[in-house]
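First the structure, in the form of structure tokens, and then the observations on it.
The values are calculated or read from the model by the stated rules, or taken from the named source; none is laboratory data. Keep in mind that what you see is a predicted model, and the values were worked out from it rather than measured. Cβ placement follows ideal geometry from the backbone for every residue including glycine, while neighbour counts extend to all protein chains displayed. All accessible areas refer to the heavy atoms of the entire protein, side chains included, with ligands and DNA or RNA removed. Shrake-Rupley method; radii C 1.70, N 1.55, O 1.52, S 1.80 Å.
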Amino acid sequence: MVYLIHFERPYRHAQHYLGSAWDVDRRCKEHAAGTGARLMQVIGEAGIPWRVVRLWDGGRLEERALKRRHSGKALCPVCQSEVMHDRSIHGRR
């Protein structure tokens, strides 16, 4: 399973983490404990809340394909919701 994590506020340039795991719940517990990926450890140390916002079927190959797109914001329903909200308020397309 491939998963996308959204950070409630950016950490430097990053606002998302894209990963893959057979057991996403277990992997998220590792991230929360600071024993997963280094970026997630740093996010935890910075006190930044995060949540899983999207899942895809697949494994490492699908994860790599999504990472190559460099489009975390476009893949993130939270960010897309914010863009749509901003457009409706300001009348932009």
Item to check | Subset tally (residues that are part of a loop (DSSP other than H, G, I, E, B) and either within 17 Å of LYS73 (Cα to Cα) or open to solvent by 70 Å² or more (accessible area, probe 1.4 Å) (or both)) for the range 50-60 | outcome: 1
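Are any of the residues in the range 2-14 open to solvent by less than 20 Å² (accessible area, probe 1.4 Å), in a loop (DSSP other than H, G, I, E, B) and at pLDDT 95 or above? Steps first, answer last, please.
Initial filter on the range 2-14 (open to solvent by less than 20 Å² (accessible area, probe 1.4 Å)): 2-7, 14.
Narrowing further to those that are in a loop (DSSP other than H, G, I, E, B): none.
No, the range 2-14 contains no residue that is open to solvent by less than 20 Å² (accessible area, probe 1.4 Å), in a loop (DSSP other than H, G, I, E, B) and at pLDDT 95 or above.
Only one residue in GLY36, GLY44, GLY19, GLY59 is under 15 Å from the mean Cα position of the chain (by Cα), closer than 14 Å to TYR3 by Cα and at pLDDT 95 or above. Which one? Show your work before the answer.
On the way: GLY36 fails: at pLDDT 95 or above; GLY44 fails: closer than 14 Å to TYR3 by Cα; GLY59 fails: under 15 Å from the mean Cα position of the chain (by Cα).
Matching residue, one of GLY36, GLY44, GLY19, GLY59: GLY19.
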Next on the checklist: So the check is Cβ under 7 Å with 6+ separation or different chains; which pairs have a first residue in the range 57-83 that's at positive phi and a second one that's among the aliphatic types (A, V, I, L, M)?
Outcome noted: GLY58/VAL2
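Among the listed residues GLU45, GLU30, GLU63, identify the single one that is touching a Gly at 6+ places or on another chain (Cβ under 8 Å) and exposed (fewer than 11 other Cβ atoms within 10 Å of the Cβ). Walk me through how you get there before you give the answer.
On the way: GLU30 fails: exposed (fewer than 11 other Cβ atoms within 10 Å of the Cβ); GLU63 fails: exposed (fewer than 11 other Cβ atoms within 10 Å of the Cβ).
Just one listed residue meets the conditions, GLU45.
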Item to check | Selection from the range 16-27 of residues that are of a type in the set (D, E, K, R) and surrounded by 15 or more Cβ atoms within 10 Å (Cβ to Cβ) | outcome: ARG27
